[in-house]
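Asker: The following block contains the structure, expressed as structure tokens.
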Amino acid sequence: MTTAELPDTIETQQRDLTEVIRVAVPERSIRADLRAVSIVWRRELIRFRSDRLRAVTSLVQPVLFLFVLGTGLSRLAGHGLPAGVDFKTFIYPGVLAMSVLFTSIFSAASIVWDREFGFLREMLVAPVRRWSIVIGKCLGGATVATFQGIIFLALAGVAHVPYNPVLLLTLVGELLLLSFTLTAFGVMMAARIKQIQAFMALTQMVVMPLFFLSGALYPLNGLPNWLTVLTRIDPLTYIVDPMRHAVFGHLSVSPLALRTLSPGITWDGWLVPLGLSLAMVAAMGLVLLGVAIAEFRKTE
């Protein structure tokens, strides 16, 4: 065999090997996408179960707000509350929402960690559509955050909130809705952020204003005009008010006291129905989910 014939021989052998060895790549299908959603969802649950310190530390701040702030301000704020109503009872719905606020958004931080360590790239090259990864992340984060809220819900008796089955189921459903929306918001932000420090700084800048502007610590009526506008554009407002209405709807308070404690959300004097408030939160979650999916399609 001459030197000139050697390249042709090698090329022929490579072509023969290509015909013999075939790489089997699964075709994309809805079934495979749903399986990917399930796997990503279960991965979030496994990470939460194995990280007990995370579950404990996520409850520290809500417990401090309920016991320390609720007790410390009870004498000062109690004068403006109807007789027989504890300040801890009033802030309990807002602090309950806070218990899932941090967990929901910070659960999206795993995307930034996965990007830094290269695991996200392996997920993105899988033969599944990228929306399945995003939905799995959102459902996993929402489930974990709801579990966290259920743990805090066990402290309802300390805030003089009754353990009524209807009330508890209502609060759990509202927590699940809030958790999904906040997790979708966190995933949307994490889709383009490449460093965990930048993600933490951004979330800290967003999380606390969301909480303080939601009316978690004060009624929404009688506020200055500028503060009223800010509370109405805060998505957390539209879940804290229904939660507070559900809590005081199961307590023995007069209709006048109920209007004082839970005046509702108004737009230029028009009272927003509770169903519309919850529908707005659900719509926000779907919009944020759509934006997150669009961002992930651009991710390299």
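The values are calculated or read from the model by the stated rules, or taken from the named source; none is laboratory data. As the structure is a computational prediction, the values presented were derived from the model and not from experiment. Positions of Cβ are backbone-derived with ideal geometry, glycine not excepted, and every protein chain shown enters the neighbour counts. The accessibility values were calculated without ligands, DNA or RNA, using every heavy atom of the protein model including side chains. Shrake-Rupley method; radii C 1.70, N 1.55, O 1.52, S 1.80 Å.
Asker: Do we find a residue being exposed (fewer than 15 other Cβ atoms within 10 Å of the Cβ), over 25 Å from residue 50 (Cβ atoms) and of a type outside the set (S, T, N, Q) anywhere in segment 93-105?
Answerer: First, the residues of segment 93-105 that are exposed (fewer than 15 other Cβ atoms within 10 Å of the Cβ): none.
Scanning segment 93-105 turns up no residue that is exposed (fewer than 15 other Cβ atoms within 10 Å of the Cβ), over 25 Å from residue 50 (Cβ atoms) and of a type outside the set (S, T, N, Q).
Asker: Please work out if residue 125 is at pLDDT 90 or above and out of contact with any helix residue (DSSP H, G or I) (no Cβ under 6 Å at 6 or more places or on another chain).
Answerer: no
Asker: Turning to a different aspect of this structure: With the structure loaded, tell me whether residue 152 is without any contact (Cβ under 8 Å) to a residue 24 or more places away in the chain and in contact with a helix residue (DSSP H, G or I) (Cβ under 6 Å, 6 or more places away or on another chain) or whether it fails that test.
Answerer: Values: without any contact (Cβ under 8 Å) to a residue 24 or more places away in the chain: no; in contact with a helix residue (DSSP H, G or I) (Cβ under 6 Å, 6 or more places away or on another chain): yes.
Taking the combined requirement at face value, the residue does not satisfy it.
Asker: Among the helices (runs of 4 or more DSSP H) confined wholly to segment 78-176, which include 2 or more residues that are within 21 Å of the chain's Cα centre (by Cα)?
Answerer: Details: elements: 87-107, 109-117, 119-124, 130-153.
Because the criterion is at least 2 residues that are within 21 Å of the chain's Cα centre (by Cα), the helices (runs of 4 or more DSSP H) in segment 78-176 that meet it are 87-107, 109-117, 130-153.
Asker: Another one. Of all residues in segment 216-234, count the ones that are open to solvent by less than 10 Å² (accessible area, probe 1.4 Å) and in a loop (DSSP other than H, G, I, E, B). Please lay out each step first, then the result.
Answerer: Let us first name the residues in segment 216-234 that are open to solvent by less than 10 Å² (accessible area, probe 1.4 Å), namely 216, 231, 234.
Going one step further and asking which of them are in a loop (DSSP other than H, G, I, E, B), we end up with 216, 234.
Adding up the residues that qualify gives 2.
Asker: Go over the candidates 112, 95 one by one and state the one that is among the β-branched types (Val, Ile, Thr), modelled with pLDDT of 80 or more and under 19 Å from residue 200 (Cα atoms).
Answerer: 112
Asker: Out of the residues in segment 235-255 that are in contact with a Pro (Cβ under 8 Å, 6 or more places away or on another chain) and open to solvent by 40 Å² or more (accessible area, probe 1.4 Å), state the one that is farthest from residue 99 (Cα to Cα).
Answerer: 254
Asker: Tell me which helices (runs of 4 or more DSSP H) are completely within segment 235-300 and hold 1 or more residues being closer than 15 Å to residue 184 by Cα and of a type in the set (Asp, Glu), or say none if there are none. Step through it out loud before you land on a result.
Answerer: Numbers: elements: 237-249, 255-261, 274-298.
Fully inside segment 235-300 and qualifying: 274-298.
Asker: Then there's this: Output the qualifying pairs, or none if there are none: Cβ atoms under 8 angstrom, residues six or more apart or on different chains, first residue in segment 40-68 and under 14 Å from residue 155 (Cβ atoms), second residue open to solvent by less than 80 Å² (accessible area, probe 1.4 Å) and of a type in the set (D, E, K, R).
Answerer: Once the first residue is under 14 Å from residue 155 (Cβ atoms) and sits in segment 40-68, its partners that are open to solvent by less than 80 Å² (accessible area, probe 1.4 Å) and of a type in the set (D, E, K, R) give 66/88; 67/88.
Asker: So, one more: Among (1) open to solvent by less than 40 Å² (accessible area, probe 1.4 Å); (2) part of a helix (DSSP H, G or I); (3) farther than 19 Å from residue 61 by Cβ; (4) out of contact with any Leu (no Cβ under 8 Å at 6 or more places or on another chain), where does residue 181 come up short?
Answerer: Exception for residue 181: condition (4).
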